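To start, the structure under review is shown below, and the notes come after it.
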C-alpha cells in the first residue's frame, strides 16, 4: 500500500496534522485570553517545514528496507511549539492578542483547506487510474 503514495502525499498529510495542531493551539490561546500569566503558543511553520524540505533535499542513502530511512516527515512529526512573550505593558503577563489569534485561525483554516483539496485531487487521480479511466 505504501508504494501507491509517494513522499509528497505523506508530506502533505503531515502538513494537515501540523495545521490541526496549530488550530488546537490557537483555540487554546483564545480560551485563555483572560488567564493571568498565560503565554500564547504557536507552531513556527516556516522553520518546521523548512527543516523538513532541507532534510529531503540532502543526498539520499540507498535504503534496503523501508524502516532504514525516515524520509520527508522525519523532522515534522514532533513540531516545536514556541511561546509569545507578553508585551511589557501587559499588566497580567498574558500574551494572547485576540486579533492576532483570529488572523492566525483564518490563515490556518485557508491553508488547511488548500492542502486538503490538493490531497483530494491526488486521490481522485488514483481513483480514476484504478477504475481504468472510467468515470463513475
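Judged by the ratio a/c of the largest to the smallest principal axis of the C-alpha gyration tensor, segment 8-53 counts as oblate, that ratio being 1.5 or greater while a/b is no larger than b/c. Packing here is the average count of other Cβ atoms within 10 Å per residue, and on that basis the peptides 125-131, 25-31, highest first, run 25-31, 125-131. How far apart, in nm, are two points set 7 Å out from the Cα along the Cα-to-Cβ line at residue 84 and at residue 103? For the pair residue 84/residue 103, the computed spacing is 0.9 nm.
What FRET efficiency comes out for the pair residue 91/residue 111, r = Cβ-Cβ distance, R0 = 30 Å, nearest 0.05? Step by step, r from the Cβ atoms, then E = 0.30.
Every number here is computed from the coordinates shown, using simple stated rules; none is lab data. No experiment lies behind these values; they were computed from the predicted model shown. Heads up, the Cβs are rebuilt from the backbone with ideal geometry, glycines too, and the neighbour counts pull from every protein chain shown.
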